[in-house]
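S.K.: Here it is: the structure, laid out below.
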Amino acid sequence: MSILLRRARPVIAGLALVLLTTFSASAAFAADTLTKGYEETLSQNHHGLGMSFGVGGLNGIAYRHYFGNMAVQADIFPLIADSGNYVAVFGGLTFIDYLLMWNKAARSTLFPATSALRFVGSTGVWVSRNQSNNIAVPNVNCNTPECLAIVNRSAPTDYFAHVGLGVGVEIGAIARPGFSAAFDVQMTVMWDQIGFYGAYPLPSATLMYSW
């Protein structure tokens, strides 16, 4: 799998570069400072911390660990509402491969004007339980074992899961410490406890401080 991915990276980056030079009015300027992730190490960061916004489990507090030009990002967000009757946990993982980078800024810049094209793959799950949907009966009127069993039964656990693949852009401190913002579009396949839910191209975003 890793060998196929390494061989596919130059192809993906080459296709992306063709699209950039075709549709971007500033392609000539970008090419002057363009670096390729499959030829040299671009990022000097090792860790990142921020917030993510997306489908299913790609929401909440995000931690990113860099491996050269690649990174793995973990997202988690617990939610408790309605006096504890509603409980949900969002969790997700995103694989990031930086293919191309241009307009690199100076090391001393906190908000560098750096842009990158990246390949992303993600998976995540949203697990929830809503106890407030249970039937409410006053205690004085609920004396039989059958009634108590209905009132006190545990609510079913629902889940919503996804896998996705796509591309995106990241702007800011990508190669050096600082803030960055990323926006991705992934072809996303989703399912819940009933079965297949749907397949759509869906967006996701991340605001990150890396160092």
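S.K.: Can we say VAL72 is closer than 23 Å to ASP184 by Cα and at pLDDT 90 or above?
M.R.: Yes, satisfied.
S.K.: Determine whether region 30-42 contains at least one residue that is under 20 Å from GLY168 (Cα atoms) and either at pLDDT 90 or above or within 20 Å of the chain's Cα centre (by Cα) (or both).
M.R.: no
S.K.: Next question, about the same structure. For region 59-90, enumerate the residues that are of a type outside the set (Lys, Arg), in a strand (DSSP E or B) and open to solvent by less than 30 Å² (accessible area, probe 1.4 Å).
M.R.: Once the filter is applied, which keeps residues that are of a type outside the set (Lys, Arg), in a strand (DSSP E or B) and open to solvent by less than 30 Å² (accessible area, probe 1.4 Å), region 59-90 yields GLY60, ALA62, TYR66, ALA71, GLN73, ASP75, ALA88, PHE90.
S.K.: Taking PHE119 and the conditions (1) loosely packed, with under 14 Cβ neighbours inside 10 Å; (2) at pLDDT 75 or above; (3) within 30 Å of ARG176 (Cα to Cα), which numbered condition does it fall short on, given that it satisfies the others?
M.R.: Single failed check for PHE119: (1).
S.K.: Scan region 152-174 and tell me whether some residue there is surrounded by 15 or more Cβ atoms within 10 Å (Cβ to Cβ), of a type outside the set (A, V, I, L, M) and outside any strand (DSSP E or B).
M.R.: no
The values are calculated or read from the model by the stated rules, or taken from the named source; none is laboratory data. Values in this document were obtained by computation on a predicted structure and should not be read as measured data. Cβ: placed from backbone, ideal geometry, glycine included. Neighbour counts: every protein chain shown. Ligands, DNA and RNA are stripped out before the accessible areas are found, and what is left, the full protein with its side chains, is counted by its heavy atoms. Shrake-Rupley method; radii C 1.70, N 1.55, O 1.52, S 1.80 Å.
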